[in-house]
Amino acid sequence: MKIIALVPAYNPGEIVIDTVLQILSQPGIDAVVLVNDGCDTENSQHLISLKESDDRVVLIKHPENQGKGFALFTGFRYIDANMDYDYIVTLDSDGQHKPDDLQSFCQKVEIQPYDAIIGQRDFSRMPPKSRFGNSVSSTLLGLLFPTDIRDTQSGYRMFSKRFIEYTLAKITPGRYETEMKMILQVLKHHKEFQSGVVPIATIYIDNNKNSKFRPLVDWWKVIREFAIYILVALSSFAIDYGLFLVFLHLLGFYYIVAHILARVISSTYNFLSNKHFVFRSNGSVSKEVFKYLIAVLWTLVFSAGLLFLLREYFSIREEVAKPFADLIAFGVNYFILKKLVFNDANKIL
């Protein structure tokens, strides 16, 4: 089993030398690929010295800083095109990943051929900013998928060759959101790719004061898709429920008819918003409309049936039963839109 370590670096300081030397000392590591993501002169010299000290070190340089996701993908592309490997393990360059933990990853893939293994830190030992952000993203991830992955922002990961090749074909890199995209891909395609976790040391040097992570900008990129989906869903519900009350009380329609009419109107708004703002699809409108109508019909039948059940068998008032029925259909509808309507083939990532 051949394992390549990939280390993106942006002004990590002298500690990168010790980090890489420790990685090279680990059993099973065949080479280290360093990506200089626009480091200054002093930090670039640290990386050059590592390259000159050991022929197992490969050094790639970005002329200017592009962001962690781009640095990772530069490394992925180089390794996939030029090196023989079974797994790539990614580590941060600033000493906050313990090279000895590499053995936990190696032992796990020896037992079972995982495609993605995420190093999981102890949340209670994280600085407040990191703990809060990680808790938010892991909660959102848990709403979407049944998974053991909690530390969504851990950069300590191991990926199989086949998942790397899939990733290079399906994902467009960015900054820190790239790592979340990779997690989402492996979980979305869990029947094809197997994921797992291993415990790793929780290390924050100087309370993580040198982190390049921009809390507001980068967290928004990480959770953007699901957050906007929730906002669109809430506004769609407000339109839907408002029209339902108008049709029911002002126009006197039968409650099932009022539900259907309100859903047809709010679904038009929902489709356009999801297409352009959530999933950012550039696929054929006619094809997506057709698939969206199927999705709407399914959720309409599901929610209408549940509304009827709550009203007729449990004697719950229409005004109360409808939001309850729609809430249950909410999560299911996300997967239908993601999987059937605005699928990966049409998505601008």
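The values are calculated or read from the model by the stated rules, or taken from the named source; none is laboratory data. Since we're looking at a predicted model, the values are computed, not measured. Cβ placement follows ideal geometry from the backbone for every residue including glycine, while neighbour counts extend to all protein chains displayed.
When Thr147, Thr139 are checked against the criterion of being assigned to a loop (DSSP other than H, G, I, E, B) and modelled with pLDDT under 85, a single residue qualifies: Thr147. Being touching a Gly at 6+ places or on another chain (Cβ under 6 Å) and assigned to a helix (DSSP H, G or I) is the filter here, so list the residues in segment 6-59 that pass it. Listed by number, the residues that qualify are Ile15, Thr19.
Residue by residue, here is whether (1) over 25 Å from Asp101 (Cβ atoms); (2) among the aliphatic types (A, V, I, L, M) holds:
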{"position": "Gly28", "(1), (2)": "no, no"}
{"position": "Val35", "(1), (2)": "no, yes"}
{"position": "Leu47", "(1), (2)": "no, yes"}
{"position": "Glu52", "(1), (2)": "yes, no"}
{"position": "Gly69", "(1), (2)": "no, no"}
{"position": "Gly75", "(1), (2)": "no, no"}
{"position": "Tyr78", "(1), (2)": "no, no"}
{"position": "Met83", "(1), (2)": "no, yes"}
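Among the residues of segment 296-309, are any at pLDDT 80 or above, small (Gly, Ala, Ser), over 14 Å from Tyr241 (Cα atoms) and assigned by TED's automatic domain parsing to the domain that holds Asp240? Checking segment 296-309: at least one residue is at pLDDT 80 or above, small (Gly, Ala, Ser), over 14 Å from Tyr241 (Cα atoms) and assigned by TED's automatic domain parsing to the domain that holds Asp240. Of all the criteria given as (1) in a helix (DSSP H, G or I); (2) of a type outside the set (Val, Ile, Thr); (3) under 24 Å from Gly38 (Cβ atoms); (4) touching a helix residue (DSSP H, G or I) at 6+ places or on another chain (Cβ under 7 Å), the one not satisfied by Tyr78 is (4). Against the conditions (1) at pLDDT below 85; (2) out of contact with any Leu (no Cβ under 8 Å at 6 or more places or on another chain); (3) buried (at least 16 other Cβ atoms within 10 Å of the Cβ), Lys291 satisfies every one except (2). Say whether the condition of being of a type outside the set (A, V, I, L, M), in contact with a helix residue (DSSP H, G or I) (Cβ under 6 Å, 6 or more places away or on another chain), surrounded by 18 or more Cβ atoms within 10 Å (Cβ to Cβ) and at pLDDT below 85 is met by at least one residue in segment 164-173. So far as segment 164-173 goes, yes, one or more of its residues are of a type outside the set (A, V, I, L, M), in contact with a helix residue (DSSP H, G or I) (Cβ under 6 Å, 6 or more places away or on another chain), surrounded by 18 or more Cβ atoms within 10 Å (Cβ to Cβ) and at pLDDT below 85.
Within segment 27-54, the set of residues being surrounded by fewer than 18 Cβ atoms within 10 Å (Cβ to Cβ) and closer than 21 Å to Tyr87 by Cβ comprises Pro27, Gly28, Asp30, Asp54. Remark: pairs (first residue in segment 174-197, among the basic types (Lys, Arg); second residue outside any helix (DSSP H, G or I) and surrounded by 20 or more Cβ atoms within 10 Å (Cβ to Cβ); Cβ separation under 6 Å; 6+ apart in sequence or on different chains) = Arg175/Gly67.
Quick check, is Tyr229 in a helix (DSSP H, G or I), of a type in the set (Ser, Thr, Tyr) and at pLDDT below 80?
yes
Ser93 passes every criterion in (1) crowded, with 21+ Cβ neighbours inside 10 Å; (2) of a type in the set (Gly, Ala, Ser); (3) assigned to a strand (DSSP E or B) apart from (3). Here Glu110 clears all of (1) touching an Asp or Glu at 6+ places or on another chain (Cβ under 6 Å); (2) surrounded by fewer than 18 Cβ atoms within 10 Å (Cβ to Cβ); (3) within 20 Å of Ser195 (Cβ to Cβ) except the condition numbered (1).
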